[in-house]
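The values are calculated or read from the model by the stated rules, or taken from the named source; none is laboratory data. In this text the structure is predicted, and so the values were computed from the model without any measurement. Don't worry about glycine lacking a Cβ; one is built from the backbone with ideal geometry, like all the others, and counts go over all protein chains shown. To get the accessible areas, we keep the full protein, side chains included, count just its heavy atoms, and leave off ligands, DNA and RNA. Shrake-Rupley method; radii C 1.70, N 1.55, O 1.52, S 1.80 Å.
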Amino acid sequence: MDKKRIVNDIILVVALLALALAAWGVIRITHKSGDYAVVEIAGEETARYPLNEDIRIDIEAEGGHVNTFVISDGKAYVESADCPDKLCVKQHAVSRVGETIICLPHKLVIRIVGEGGVDTAL
Amino acid sequence: MKTSTKKLTLLGISVAAAMVLSYIETFIPVSVAVPGIKLGLANLVTVFLIYKLDWKSAAAVAAIRVLLTALLFGNAASLAYSAAGAVLSLLVMALIKSTCRFSPVGMSAAGAVAHNAGQIIMAVILMGVGEIAYWFPMLVLSGTVTGLATGAVGAILISKIPLKD
Ligand SMILES: [Zn+2]
């Protein structure tokens, strides 16, 4: 393998890392702390909860499936779920406008919105 | 590769290898925190074929692999995700290969990032949730790392496995 290609490879990788960093920076700047967690099942909003009140509830998703949803210390997360992949449980707690927790198998989206419920991010 | 029988055999073996890698991958949770992150082991086969044969062969093998994997271990949604990822990564890798300026390692890294970007685009389309794009930085990062890893293995295979007529 010649040196020129290795140098080009390194430039390429640095460019990719810079892209990730730039995207992360843009998201940090445009992200604001949210006020409500909106629950959507199959694209329809079914409930919204203020982030400043701690709750623990069972959300009934499609087909009688359940995701246990928690708001604690202003952050929302899924504590447990009976979906096969459990990705929603493993996702980080969300609190900023535009952040989401998604449970693909249950068609469930938990979305953080600002005051007035308008999702200004993106 | 002169004889088409030999080429066909190689493509058949490639499909089998890609399928096994995709299957193995379902047992390795890389970052479960982010939906869509995968090691992209099957990318190894694509990298190898782009270098040893041509991008068309790589595309054919990837298409069969995506279809069969979805049929055997997936569903319609996973088909859409992996197809979007495969198409975008193939495009990017074919483009990079055509410049002749990068090694298989660099090509693989860019391909893996393109794969993740393709999946995000498909997720935005399917779920109608633009915020999935917030995963983009994480997926670019993980794609770079996994792409470098599979590219390094791919480079070894490219130099160690001779293809003669
Ligand atoms: Zn889930």
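Conditions tested, residue by residue: (1) away from every other protein chain (no Cβ under 14 Å); (2) in a helix (DSSP H, G or I); (3) at pLDDT 95 or above.
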| position | (1), (2), (3) |
| --- | --- |
| B:T69 | yes, yes, no |
| B:L72 | yes, yes, no |
| B:S78 | no, yes, no |
| B:L90 | yes, yes, yes |
| B:Q119 | no, yes, no |
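Of the conditions (1) part of a strand (DSSP E or B); (2) open to solvent by less than 40 Å² (accessible area, probe 1.4 Å), A:E45 satisfies every one except a single condition; which number is it?
(2)
Here are the criteria: (1) under 11 Å from the mean Cα position of the chain (by Cα); (2) open to solvent by 20 Å² or more (accessible area, probe 1.4 Å); (3) within 23 Å of B:A149 (Cβ to Cβ). Tell me which single one B:S78 does not satisfy.
It is condition (1) that B:S78 fails.
Considering only residues of the range A:106-119 that are more than 16 Å from the ligand (Cβ to nearest atom) and assigned to a strand (DSSP E or B), which is farthest from the other protein chains (Cβ to nearest Cβ)? Write out each step before concluding.
Of all residues in the range A:106-119, those more than 16 Å from the ligand (Cβ to nearest atom) come to A:112-119.
Add one more test, that the residue is assigned to a strand (DSSP E or B), and what stays is A:112-113.
On the way: A:I112: 9, A:V113: 10 Å.
Result: A:V113.
More than 14 Å from chain B (Cβ to nearest Cβ) and within 16 Å of the ligand (Cβ to nearest atom), is that true of A:I41? Lay out the reasoning, then the answer.
Working: more than 14 Å from chain B (Cβ to nearest Cβ): no; within 16 Å of the ligand (Cβ to nearest atom): yes.
No.
Having 3 or more residues that are within 14 Å of the ligand (Cβ to nearest atom) and buried (at least 22 other Cβ atoms within 10 Å of the Cβ) is the bar; report the strands (runs of 3 or more DSSP E) wholly within the range A:66-105 that clear it. Give the derivation first.
Details: elements: A:66-72, A:75-81, A:100-103.
It comes to A:100-103.
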